[in-house]
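Take a look at the structure below.
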Amino acid sequence: MRQIVLDTETTGLDPAQGHRIIEIGAVELIGRKLTGQTFHCYINPQRVVEQEAIEVHGITNEFLQDKPVFSQICDDFLNFIRGAELVIHNAAFDVGFMDAEFSRVNKSIGATRDFCQILDTLLMAREMRPGQKNNLDALCRAYSIDNSNREFHGALLDAELLADVYLAMTGGQTKLELAAKSASANGEMDSGWTPLSNKPNLRVVRATAAEEQAHQERLALIENALWRS
């Protein structure tokens with residue numbers, strides 16, 4: 001399966017009020033492995049970024065002035081995500097903005113769900129961890145994923161962190177492999193245990209004649225012993 005782990009940053013909270021996407025970050029997974037293929041761009045929203053949003057992601061109006069508008073990156077973005085399963089944290093937010101942007105460019109593009117499957121890791125986390133915080137920072141802590149570089153929200157960094165979180169959430173136990181086995185060069189199974197070449201011989205303590213006699217006398221007292229049948 002081809003999956004795209006995706007995140008966006010925006011000018012505000014509601015596309016219905018004219019807010020726009022200003023950053024897209026996405027990383028590709030195939031067969032649950034990162035391929036190294038990414039999509040990342042900043043976008044001129046052609047409107048002012050709200051100060052509250054700047055405080056979250058740190059992307060200023062001045063920084064975005066010379067960036068391409070969404071219509072200029074739309075085809076490349078569509079080619080990257082089309083046919084994949086999108087893995088998104090709080091998918092309704094990002095997909096709502098994506099649908100609004102696609103509609104502005106060309107209404108015939110349709111909704112994101114028309115050409116991608118969507119998996120919401122926030123809903124998944126709420127089912128797995130009811131009653132707990134399930135934002136990205138909390139999940140990084142829960143699954144021991146280093147997010148120390150995350151001073152601001154950034155679409156590509158958040159997509160990379162979410163990929164690690166998603167793989168940890170869905171991969172089961174991966175660190176403790178006491179019983180792991182792998183094929184050795186000669187085709188035999190290797191248990192991973194290496195015998196010590198200099199280990200001491202075990203000391204064998206044998207019963208004395210008196211102890212053996214006492215043992216036999218004790219066994220003789222047992223009626224209908226199975227070992228006699």
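Answer yes if at least one residue in the stretch 29-37 is at pLDDT 95 or above, farther than 30 Å from residue 170 by Cβ and among the polar types (S, T, N, Q), and no otherwise.
no
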Check: Quick one: would you say residue 8 is of a type in the set (Ser, Thr, Tyr), surrounded by fewer than 20 Cβ atoms within 10 Å (Cβ to Cβ) and within 27 Å of the chain's Cα centre (by Cα)?
Finding: no
Margin query: Looking only at the stretch 80-110, how many residues end up being closer than 20 Å to residue 5 by Cβ, over 23 Å from the mean Cα position of the chain (by Cα) and open to solvent by 30 Å² or more (accessible area, probe 1.4 Å)?
Written below: 1
Checklist line | Residue pairs meeting the criteria (Cβ under 8 Å; at least 6 apart or on separate chains; first β-branched (Val, Ile, Thr), in the stretch 156-169; second open to solvent by 10 Å² or more (accessible area, probe 1.4 Å) and in a helix (DSSP H, G or I)) | finding: 165/136
Margin query: Can you find a residue that is assigned to a helix (DSSP H, G or I), at pLDDT 95 or above and among the aromatic types (Phe, Trp, Tyr) anywhere in the stretch 42-61?
Written below: no
Check: Mind checking which residues of the stretch 19-57 are open to solvent by less than 30 Å² (accessible area, probe 1.4 Å) and without any contact (Cβ under 8 Å) to a residue 60 or more places away in the chain?
Finding: 22, 28, 39, 41, 43, 45, 49, 53, 54
Next item on the list: For the stretch 136-144, indicate whether the set of residues that are under 13 Å from the mean Cα position of the chain (by Cα) and at positive phi is non-empty.
Entry: yes
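The values are calculated or read from the model by the stated rules, or taken from the named source; none is laboratory data. These numbers were taken from a predicted model, which means no experiment stands behind them. For neighbour counting, all protein chains shown are included, and Cβ atoms are generated from backbone atoms with ideal geometry for every residue, glycine included. Remember, those area values only see protein heavy atoms, side chains included, never the ligands or the DNA or RNA. Shrake-Rupley method; radii C 1.70, N 1.55, O 1.52, S 1.80 Å.
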